[in-house]
Amino acid sequence: MKYLKMDTVFIEGLELETLIGVYEFERKAKQRIIVDLIMQGDLSQAAQSDNVKDTIDYGAVANCLAQICDMASYQLLEALAEEMATTILDKFAITTLTLKINKPDILNNVSAVGIQITRQAQGNA
Ligand SMILES: Nc1nc2c(c(=O)[nH]1)N=C([C@H](O)[C@@H](O)CO)CN2
């Protein structure tokens, strides 16, 4: 019997550094961002094979995000998040992802500010 598979792989609290921000002081040095990512896909093949090649490898995804941050120089978190989401959807067998990026160090009176986007793969993932 076939079931609809809606499984999740997540990365929580991934700490990265990148050049990001609107203001002049933010253009001078990389700053810390924290990424939370929820990725949906079908994990049943990996459950059968017990092989990391058959799943959404969260280590590979984390490396991919780190590489993007190394190279990136965006003003807005929205632009960075879009590049991250597009790259991950292109490279991994994911149907839907929700990506949250926060800046923990930018405003004095809040614990963090940031954005969250959700993107869905079109057609077969
Ligand atoms: N929705 C957003 N608002 C703001 C952003 C952003 O990336 N997305 N960025 C800034 C500044 O760069 C911020 O880091 C300094 O307050 C302001 N608002």
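Solvent-accessible area per residue for the range 1-87 at a 1.4 Å probe radius, Å²? Could you put the intermediate results ahead of the total?
Details: 5580 Å² over 87 residues.
Solvent-accessible surface per residue comes out at 64 Å².
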- Query: Amide H neighbours of residue 31 under 5 Å, counting only residues 5+ apart in sequence or on other chains, H built in-plane at 1.01 Å?
  - Reply: 18, 19, 20
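Over the range 1-101, what is the mean sequence separation of C-alpha contacts under 8 Å (at least six apart), divided by residue count, expressed as relative contact order in percent? Display every interim value, and only then the final one.
On the way: 154 pairs, mean separation 34.1, N = 101.
Dividing the mean separation by the residue count of the range 1-101 yields 34 percent.
With the contact rule set at Cα under 8 Å and sequence spacing of 6 or more, what percent relative contact order holds for the range 43-123?
Normalised by residue count, the contact order of the range 43-123 is 21 percent.
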- Query: Can you list the HN-Hα couplings for the range 59-76, worked out from phi with the Karplus curve (6.51, -1.76, 1.60; θ = phi - 60°), rounded to whole Hz and with x for Gly and Pro?
  - Reply: x, 5, 5, 4, 4, 4, 5, 5, 5, 4, 5, 4, 8, 6, 8, 9, 7, 9
- In the chain, what is the count of Lys pairs whose alpha carbons are under 28 Å apart, counting only pairs at least 8 residues apart or on separate chains? 14
- Task: Starting from the residue with the highest accessible area, list 82, 15, 24 in decreasing order, probe 1.4 Å.
- Result: 24, 15, 82
- Item | ³J(HN,Hα) computed for each position of the range 39-56 - Karplus, 6.51 cos²θ - 1.76 cosθ + 1.60, integer Hz, glycine/proline x | 10, 9, x, 9, 9, 5, 4, 5, 5, 6, 7, 6, 10, 4, 5, 9, 10, 7
- Note on the structure: HN-Hα couplings for the range 4-19 via Karplus (6.51, -1.76, 1.60; θ = phi - 60°), in whole Hz with x for Gly/Pro, come out as 6, 9, 10, 9, 10, 10, 10, 10, 10, x, 6, 9, 9, 10, 7, 7
- the chain: angle of helix 77-91 to the longest principal axis, Cα-based, in degrees nearest 10: 20 degrees
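For a test of the definition: using alpha carbon positions, the gyration tensor, and the 1.5 limit on a/c, classify the chain as rounded, prolate or oblate.
Working: a/c = 2.40, a/b = 2.33, b/c = 1.03.
Cα axes put the chain in the prolate bin.
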- Can you list which of the trypsin sites (Lys or Arg not before Pro) found in the range 1-110 are DSSP loop residues with at most 13 other C-beta atoms within 10 Å? 2, 5, 28
- Query: Quick one: with all protein chains in place, what share of the accessible area of the chain is carbon or sulfur, to the nearest percent (1.4 Å probe)?
  - Reply: 49 percent
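Taking chymotrypsin sites (Phe, Trp or Tyr not before Pro) that fall in a DSSP loop and have at most 11 other Cβ atoms within 10 Å as cut points, what is the longest piece of the chain between them?
Free of exposed loop sites, the longest segment is 24-125.
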- Task: Once you have the Cα-Cα distance between residue 8 and residue 47, take 0.36 nm times their residue separation minus that, and quote the gain in nm to one decimal.
- Result: 12.8 nm
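The values are calculated or read from the model by the stated rules, or taken from the named source; none is laboratory data. All of these numbers come straight from a predicted model, not from anything done at the bench. Cβ atoms come from the backbone with ideal geometry, glycine included; neighbour counts cover every protein chain shown. Surface areas here come from the heavy atoms of the whole protein model, side chains and all, with no ligands, DNA or RNA. Shrake-Rupley method; radii C 1.70, N 1.55, O 1.52, S 1.80 Å.
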